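Trainee: Below is the structure I would like to discuss, written out as structure tokens.
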Amino acid sequence: MRYVIVGAGPAGVVAAETIRRRDPKGEIALVGDEPGEPYARMAIPYVLTGKIGEDGARLRKAKDHYKNLGIGYRSGRAEKLDRAGKQLVLADGSKLAYDRLLIATGASAAKPPVPGLDLPGVHHCWTMADARAIAKRAGKGAEVVLVGAGFIGCIILESLVERGMKLTVVETENRMLPKMMDETGGDMIESWCDAKGVHVLTSTRLKGVEKEKGGRLAVALDPGGSVVADLVVIATGVKANTGFLAGSGLKIEDGVVVDNRLSADGDSIFAAGDCAKGPDFSGGFMVQHAIQPTATEHGRIAAVNMTGGDARYKGSLIMNVLDTAGLITASFGHWEQGEEARAADLKAFKYVKLAFDGDRIKGALTIGMTEHIGALRGLIQTRARLGSWKAKLMRDPTRVVEAFVSKVP
Amino acid sequence: MMMALHIDPKKCTGCLQCELACSYDNEGVFNPAKSRIKVFNFHDEGRFVPYTCTQCAEAWCQQACPVDAISVDAKTGAKVVSDSLCVGCKVCTIACPFGTVNYNASTGKVLKCDLCGGDPECAKACPTQAITYVDANWTGLEKMRAWAAKTDTGARATH
């Protein structure tokens with residue numbers, strides 16, 4: 001059996017390893033389009049702070065890991081999928097024939113439609129090459145405009161603050177982390193950032209970037225005039241890498257649409273990770289959850305099915321954990337609506353919100369909590385019935401971990 | 001023989017010796033906040049429940065780690081965090097559906113039970129045998145694993 005995996009992020013690497021465990025003799029080609037060994041994008045902020053070297057960001061640390069598993073790792077960029085010929089065409093013209101194909105091409109940083117984003121000094125923070133470019137301009141005291149205060153923006157913020165840069169954050173929505181946090185949470189993070197000397201401008205749009213005399217950049221904002229910067233970092237969302245699938249006949253929305261076996265065609269083509277749009281845990285609807293746990297779970301389940309197994313995916317649960325200049329926040333599931341319990345201590349930067357569906361928890365937000373927070377995932381994903389604990393949690397949602405422990409062992 | 005921690009909440013008096021022993025052995029301080037085993041106190045039920053990692057077979061923490069910092073100790077089966085590799089991203093803390101991996105802000109790394117290399121201090125320190133280190137087949141491990149399976153996102157060992 002010939003397996004081709006296009007994309008060497010967490011989904012692709014976990015899939016390749018799982019295929020090897022289940023099919024010792026199959027031929028596996030793992031194709032990555034960035035130089036060097038597969039690495040974790042998630043580790044880039046820590047490379048920027050200097051906490052780890054570039055090697056520390058590698059997905060697998062063992063020497064000759066891929067070679068030892070008989071995984072043919074190669075570099076190349078997918079250009080076209082030839083379904084009739086069952087082959088993947090790469091940009092250099094080479095063709096990879098497959099019996100089973102996994103599309104794990106991930107996502108790329110999206111650019112807002114404003115002028116000046118091609119100027120030197122304007123960067124995304126998405127690839128290792130971006131990190132290198134930022135590090136070059138990010139000396140202590142340098143002035144930086146960070147465009148976008150979503151999850152990725154905030155995680156980069158941490159490393160820019162640690163490097164001692166003067167930071168202005170620009171966010172179109174009316175609060176920081178508009179998708180990951182409610183207003184109470186987003187505002188709490190904003191006042192935390194203010195206290196750290198980070199200048200946050202919400203409800204503010206990037207109009208464009210121009211070159212100033214002396215090589216600095218003038219960043220035009222709407223409303224709010226202009227800010228001068230040595231570096232502009234764009235973190236305004238990501239877009240699934242599905243361009244090479246044009247004309248393939250596969251169903252593409254904001255990701256490759258897959259079924260509960262993670263197959264895109266019900267047969268030989270599968271998709272996993274950031275580029276896939278699959279079932280959601282809570283209700284079966286289709287979602288694109290670009291998070292590490294979803295990528296690795298997708299990769300594993302797709303690989304089981306690619307090797308003749310029959311694993312049914314119960315759906316992804318959106319969850320995130322974030323450290324914004326020392327303030328730790330987490331979100332799980334669907335916290336946006338429904339019956340809820342909240343406890344907030346604005347001065348202490350502590351917040352817990354639980355959203356209920358009957359006597360089950362369907363979503364949660366936390367700020368300033370680092371103990372046992374995974375229990376929230378456990379409670380949501382097992383659909384555990386809280387029984388008498390529901391009333392206790394309505395009175396005091398900070399006792400959620402107790403509720404969990406009293407349910408489990 | 002694979003060994004595991006066996007916890008019997010009925011025998012726990014809430015003395016917190018396990019938390020002190022754990023934090024002292026692993027972190028060099030008597031500080032329950034740095035313990036990898038935690039005793040929950042259910043005031044209204046008059047009950048104490050010691051709680052720590054189950055060392056699950058296909059560990060979520062290990063699978064979710066983006067930088068390969070969690071590995072299996074071949075001798076004990078414990079899932080062990082390498083401090084030199086951990087970048088402190090905390091993904092394991094939300095991925096573990098038991099909530100037994102915690103972030104330590106003072107070191108910037110995560111903490112979890114590593115069975116003390118096969119000689120767990122919590123079990124030795126427990127005066128009432130609420131925590132014992134026994135043959136894995138004797139523990140309630142299977143029950144917990146069955147519960148864990150409900151959290152699973154897809155069948156694990158299907159053919």
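The values are calculated or read from the model by the stated rules, or taken from the named source; none is laboratory data. Predicted, not measured: the structure shown is a model, and the values here were computed from it. Backbone-built Cβ (ideal geometry, glycine too); neighbour counts: all protein chains shown. Side chains included, ligands, DNA and RNA excluded: accessible areas come from the protein's heavy atoms. Shrake-Rupley method; radii C 1.70, N 1.55, O 1.52, S 1.80 Å.
Trainee: Of the residues A:Ile318, A:Ile252, which single one is farther than 19 Å from A:Ala8 by Cα, touching a Ser or Thr at 6+ places or on another chain (Cβ under 7 Å) and either touching a residue at least 40 places away in the same chain (Cβ under 8 Å) or more than 10 Å from chain B (Cβ to nearest Cβ) (or both)?
Mentor: A:Ile252
Trainee: Next question, about the same structure. Name the residue, out of A:Asn260, A:Asn305, A:Asn320, that is among the polar types (S, T, N, Q) and under 19 Å from the mean Cα position of the chain (by Cα).
Mentor: A:Asn320
Trainee: Any chance you could count how many residues in the stretch B:96-124 are among the small types (Gly, Ala, Ser) and in contact with a strand residue (DSSP E or B) (Cβ under 8 Å, 6 or more places away or on another chain)?
Mentor: Residues in the stretch B:96-124 being among the small types (Gly, Ala, Ser) and in contact with a strand residue (DSSP E or B) (Cβ under 8 Å, 6 or more places away or on another chain): 3 in total.
Trainee: Please tell me if A:Ala330 is closer than 20 Å to A:Ile189 by Cα, at the interface with chain B (Cβ under 9 Å from one of its Cβ atoms) and out of contact with any His (no Cβ under 6 Å at 6 or more places or on another chain).
Mentor: On the way: closer than 20 Å to A:Ile189 by Cα: yes; at the interface with chain B (Cβ under 9 Å from one of its Cβ atoms): yes; out of contact with any His (no Cβ under 6 Å at 6 or more places or on another chain): yes.
Judged against the criteria, A:Ala330 is a match.
Trainee: Of (1) outside any strand (DSSP E or B); (2) touching a strand residue (DSSP E or B) at 6+ places or on another chain (Cβ under 6 Å); (3) open to solvent by less than 10 Å² (accessible area, probe 1.4 Å), A:Glu371 satisfies all except one. Which?
Mentor: Every condition holds for A:Glu371 apart from (3).
Trainee: Between a first residue in the stretch A:138-159 that is within 16 Å of A:Ala325 (Cβ to Cβ) and of a type in the set (Asp, Glu) and a second residue that is assigned to a loop (DSSP other than H, G, I, E, B) and open to solvent by 10 Å² or more (accessible area, probe 1.4 Å), which pairs have beta carbons less than 9 Å apart while being 6 or more apart in sequence or on different chains?
Mentor: Hits for this filter: A:Glu158/A:Ala325; A:Glu158/A:Gly326.
Per-residue answers, yes or no, for (1) charged (D, E, K, R); (2) open to solvent by 10 Å² or more (accessible area, probe 1.4 Å); (3) not in a loop (DSSP other than H, G, I, E, B):
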| site | (1), (2), (3) |
| --- | --- |
| A:Leu160 | no, no, yes |
| A:Met181 | no, no, no |
| A:Ile189 | no, no, yes |
| A:Trp192 | no, yes, yes |
| A:Val219 | no, no, yes |
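Trainee: Which of the residues that make up the stretch B:122-134 are outside any loop (DSSP other than H, G, I, E, B) and either surrounded by 23 or more Cβ atoms within 10 Å (Cβ to Cβ) or hydrophobic (A, V, I, L, M, F, W, C) (or both)?
Mentor: The answer is B:Cys122, B:Ala123, B:Ala125, B:Ile131, B:Val134.
Trainee: Among the residues that make up the stretch A:277-294, is at least one of them open to solvent by less than 10 Å² (accessible area, probe 1.4 Å), in contact with a helix residue (DSSP H, G or I) (Cβ under 7 Å, 6 or more places away or on another chain) and touching a residue at least 60 places away in the same chain (Cβ under 8 Å)?
Mentor: no
Trainee: Also: Of everything in the stretch A:231-251, what is open to solvent by 60 Å² or more (accessible area, probe 1.4 Å) and under 16 Å from A:Gln288 (Cβ atoms)? Give them in sequence order.
Mentor: Listed by number, the residues that qualify are A:Lys239, A:Gly243, A:Lys251.
Trainee: Okay, next question. Filter the stretch A:333-359 down to the residues that are farther than 12 Å from A:Leu376 by Cβ and either basic (Lys, Arg) or within 14 Å of chain B (Cβ to nearest Cβ) (or both) and list them by number.
Mentor: In the first step, residues of the stretch A:333-359 are kept if they are farther than 12 Å from A:Leu376 by Cβ; the result is A:334, A:336-351, A:356-359.
Of everything in the stretch A:333-359, those that are farther than 12 Å from A:Leu376 by Cβ and either basic (Lys, Arg) or within 14 Å of chain B (Cβ to nearest Cβ) (or both) turn out to be A:Arg342, A:Lys347, A:Phe349, A:Lys350.
Trainee: What helices (runs of 4 or more DSSP H) completely inside the stretch A:1-108 contain at least 2 residues that are crowded, with 22+ Cβ neighbours inside 10 Å?
Mentor: Passing ranges, in order: A:10-22, A:44-49.
Trainee: Among (1) crowded, with 22+ Cβ neighbours inside 10 Å; (2) touching a residue at least 12 places away in the same chain (Cβ under 8 Å); (3) on the phi < 0 side of the Ramachandran plot; (4) facing chain B (nearest Cβ under 9 Å), there is one condition A:Val400 misses while meeting the rest; what is its number?
Mentor: That leaves (4) as the condition not met.
Trainee: Being modelled with pLDDT of 95 or more, among the hydrophobic types (A, V, I, L, M, F, W, C) and in contact with a Lys or Arg (Cβ under 7 Å, 6 or more places away or on another chain) narrows it down to one residue among A:Leu90, A:Leu81; which is it?
Mentor: On the way: A:Leu81 fails: in contact with a Lys or Arg (Cβ under 7 Å, 6 or more places away or on another chain).
Answer to the check: A:Leu90.
Trainee: Still on this structure: Quick test for you: out of A:Asp265, A:Asp254, A:Asp259, pick the one residue that is open to solvent by 10 Å² or more (accessible area, probe 1.4 Å), farther than 29 Å from A:Met180 by Cβ and assigned to a loop (DSSP other than H, G, I, E, B).
Mentor: Working: A:Asp254 fails: farther than 29 Å from A:Met180 by Cβ; A:Asp259 fails: farther than 29 Å from A:Met180 by Cβ.
Only one candidate qualifies: A:Asp265.
Trainee: Looking at A:Arg385, A:Arg360, A:Arg342 in this structure, which one is touching an Asp or Glu at 6+ places or on another chain (Cβ under 7 Å) and open to solvent by 50 Å² or more (accessible area, probe 1.4 Å)?
Mentor: The match here is A:Arg385.
Trainee: Then there is this: Given the structure, is B:Leu85 modelled with pLDDT of 95 or more and at positive phi?
Mentor: So B:Leu85 does not fit the description; no.
Trainee: Does the stretch B:102-111 include one or more residues that are farther than 19 Å from B:Leu16 by Cβ, in contact with a Lys or Arg (Cβ under 6 Å, 6 or more places away or on another chain) and open to solvent by 10 Å² or more (accessible area, probe 1.4 Å)?
Mentor: Checked against the condition, which is being farther than 19 Å from B:Leu16 by Cβ, in contact with a Lys or Arg (Cβ under 6 Å, 6 or more places away or on another chain) and open to solvent by 10 Å² or more (accessible area, probe 1.4 Å), the stretch B:102-111 yields at least one hit.
Trainee: Which residue out of A:Ala355, A:Ala330 is among the small types (Gly, Ala, Ser), open to solvent by less than 30 Å² (accessible area, probe 1.4 Å) and in contact with a Phe, Trp or Tyr (Cβ under 9 Å, 6 or more places away or on another chain)?
Mentor: Details: A:Ala330 fails: in contact with a Phe, Trp or Tyr (Cβ under 9 Å, 6 or more places away or on another chain).
Exactly one of A:Ala355, A:Ala330 is among the small types (Gly, Ala, Ser), open to solvent by less than 30 Å² (accessible area, probe 1.4 Å) and in contact with a Phe, Trp or Tyr (Cβ under 9 Å, 6 or more places away or on another chain), namely A:Ala355.
Trainee: Would you confirm whether or not the stretch B:61-73 contains a residue that is open to solvent by less than 50 Å² (accessible area, probe 1.4 Å), β-branched (Val, Ile, Thr), more than 8 Å from chain A (Cβ to nearest Cβ) and in contact with a strand residue (DSSP E or B) (Cβ under 6 Å, 6 or more places away or on another chain)?
Mentor: yes
Trainee: Hey, another quick one. Of the conditions (1) surrounded by 19 or more Cβ atoms within 10 Å (Cβ to Cβ); (2) among the hydrophobic types (A, V, I, L, M, F, W, C); (3) more than 15 Å from B:Glu121 (Cα to Cα), B:Cys18 satisfies every one except a single condition; which number is it?
Mentor: Every listed condition holds for B:Cys18 apart from (3).
Trainee: Regarding B:Ala33, is this residue at pLDDT below 90, at the interface with chain A (Cβ under 10 Å from one of its Cβ atoms) and under 20 Å from B:Thr107 (Cα atoms)?
Mentor: Judged against the criteria, B:Ala33 is a match.
Trainee: Could I ask something else about it? Do we have any residue at all in the stretch A:115-138 that's among the hydroxyl-bearing types (Ser, Thr, Tyr) and in a strand (DSSP E or B)?
Mentor: No, there is no match, as no residue in the stretch A:115-138 is among the hydroxyl-bearing types (Ser, Thr, Tyr) and in a strand (DSSP E or B).
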